[in-house]
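The values are calculated or read from the model by the stated rules, or taken from the named source; none is laboratory data. Only a predicted model underlies this, so the values are computations on that prediction, with no experimental measurement involved. No Cβ is skipped: glycine too gets one built from the backbone with ideal geometry, and neighbour counts run over all protein chains shown.
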Ligand code: NAD
Ligand code: WQD
């Protein structure tokens, strides 16, 4: 029996793969490499000393995915595969709806066909839209402010309907807050294509000299220093939550939702200052206008995950900053190998 990890070549999926292998699970990774690099698969093997099958397969290719289900005996699926860039989702919404929703429907349909009914799904704190207050718990009203967020909301609804139709499903909807950091080895990490959308990869690219300075989007929010506040969570803590969720599903039928966050909010300036101090690296920045769609403050109430899963985040902001920087310095071009041309 093995765990199917969709999107396992990506940022969070590759860290989950390492954690699963380290814990003794067998895994199979499916990824179309649309936002990742095969090198991450090599690194997961290198870090764990374990082999596993990898399929470059698109979840939209139902026939190929079906063949993978026929060739393996899966006990559960961790479903990370999806497109995740908020701005891009506004520009090309149909691609986001098609990829994220149709991909998930194909996956669930094949899971049902092959009687694999245990699913851990990557949802997002984005499903809370503009929350009225913080900390945010799982019972807060749901809404979305962009097509990406709507795909997460729609998939959550689809999975709830799926459970209503067949109560033998076991589903965990994990709502991530702001994952940052990297494996402490510096061998795997976040590898954004082009200009990073998210704060931490932008900071590390400024620190290494790839970008001139960070634009801080707004310093007039009602927060302790005027900049946006988020619940940054170390990716290793995050993936440990997935293993706890898997164990929970072994014992419990049903569909359950869990916030995966630390419960503490730090501002953009807090993160810049922590990064600069722990890594002795100044981050040039300038204040610019707010980014449309951003909210002032977002952090989790993670009590449910602690009570029900026995999980809580352990790593602090300094570790997140240290590990993000190690990944960036050890891999200045991410997974792209620099080709040395001799003259
Ligand atoms: P990522 O882009 O690094 O990883 C996603 C992987 O899925 C990529 O390797 C990509 O190639 C693959 N993929 C996309 N569409 C596919 C398809 N149709 N078929 C097969 N593979 C496909 O992103 P990540 O940061 O690792 O995020 C993983 C999941 O967590 C995503 O679903 C994302 O929406 C969700 N999430 C991420 C964050 C975050 O801040 N990183 C926050 C909340 C939720
Ligand atoms: C964090 C803070 C920005 C970049 C996004 C998605 C969300 C989830 C996580 C997937 C904000 C500020 C950022 C920059 C800045 N992803 N910032 N300069 O917006 O909280 O959440 O990623 O589900 O759905 O929306 O994360 O890292 O983009 O921004 O000042 O160059 O950093 O304004 O306050 P966000 P982020």
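For (1) away from ligand 1 (no atom under 13 Å from the Cβ); (2) outside any helix (DSSP H, G or I), each residue gets a yes or a no:
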site	(1), (2)
139	yes, yes
152	no, no
162	yes, no
171	yes, yes
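Is it true that some residue in the stretch 45-55 is in the same structural domain as residue 80 (by TED's automatic domain parsing) and within 18 Å of residue 118 (Cβ to Cβ)? No, there is no match, as no residue in the stretch 45-55 is in the same structural domain as residue 80 (by TED's automatic domain parsing) and within 18 Å of residue 118 (Cβ to Cβ).
Here's the yes/no breakdown for (1) in contact (Cβ under 8 Å) with a residue 12 or more places away in the chain; (2) more than 16 Å from ligand 2 (Cβ to nearest atom):
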| position | (1), (2) |
| --- | --- |
| 12 | yes, no |
| 22 | yes, yes |
| 31 | yes, yes |
| 42 | no, yes |
| 48 | yes, yes |
| 58 | yes, yes |
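In the stretch 230-239, is there at least one residue being within 12 Å of ligand 1 (Cβ to nearest atom), at pLDDT 95 or above, touching a strand residue (DSSP E or B) at 6+ places or on another chain (Cβ under 7 Å) and closer than 14 Å to residue 122 by Cα? Full working, then the answer.
Here is the first cut: in the stretch 230-239, the residues within 12 Å of ligand 1 (Cβ to nearest atom) are 230-233, 235, 238-239.
Narrowing further to those that are at pLDDT 95 or above: 230-233, 235, 238-239.
If we keep only those that are touching a strand residue (DSSP E or B) at 6+ places or on another chain (Cβ under 7 Å) as well, we get 230-233, 235, 238.
Subsequent filtering for residues that are closer than 14 Å to residue 122 by Cα retains 235, 238.
Yes, there is a match, as at least one residue in the stretch 230-239 is within 12 Å of ligand 1 (Cβ to nearest atom), at pLDDT 95 or above, touching a strand residue (DSSP E or B) at 6+ places or on another chain (Cβ under 7 Å) and closer than 14 Å to residue 122 by Cα.
When we screen 116, 120, 134 for residues that are in contact with a strand residue (DSSP E or B) (Cβ under 8 Å, 6 or more places away or on another chain), in the same structural domain as residue 67 (by TED's automatic domain parsing) and in a strand (DSSP E or B), the only hit is 120. Residues in the stretch 173-187 that are away from ligand 2 (no atom under 11 Å from the Cβ) and farther than 16 Å from residue 137 by Cβ: 181, 182, 183, 184, 185, 186, 187. Against the conditions (1) touching a residue at least 40 places away in the same chain (Cβ under 8 Å); (2) farther than 17 Å from residue 66 by Cα; (3) out of contact with any strand residue (DSSP E or B) (no Cβ under 8 Å at 6 or more places or on another chain), residue 94 satisfies every one except (1). Please verify whether the stretch 281-297 includes one or more residues that are farther than 23 Å from residue 219 by Cβ, assigned by TED's automatic domain parsing to the domain that holds residue 211, in contact with a strand residue (DSSP E or B) (Cβ under 8 Å, 6 or more places away or on another chain) and within 16 Å of ligand 1 (Cβ to nearest atom). Taking every residue of the stretch 281-297 in turn, none turns out to be farther than 23 Å from residue 219 by Cβ, assigned by TED's automatic domain parsing to the domain that holds residue 211, in contact with a strand residue (DSSP E or B) (Cβ under 8 Å, 6 or more places away or on another chain) and within 16 Å of ligand 1 (Cβ to nearest atom). What about residue 139, is it over 16 Å from the mean Cα position of the chain (by Cα) and outside the structural domain of residue 296 (by TED's automatic domain parsing)? When the stated conditions are applied, residue 139 passes them.
Let's see how each residue does on (1) within 11 Å of ligand 2 (Cβ to nearest atom); (2) in the same structural domain as residue 293 (by TED's automatic domain parsing):
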{"site": "151", "(1), (2)": "yes, no"}
{"site": "164", "(1), (2)": "no, no"}
{"site": "193", "(1), (2)": "no, no"}
{"site": "207", "(1), (2)": "no, yes"}
{"site": "212", "(1), (2)": "no, yes"}
{"site": "224", "(1), (2)": "no, yes"}
{"site": "238", "(1), (2)": "no, no"}
{"site": "246", "(1), (2)": "no, no"}
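The lone criterion from (1) within 14 Å of ligand 1 (Cβ to nearest atom); (2) on the phi > 0 side of the Ramachandran plot left unmet by residue 28 is number (2).
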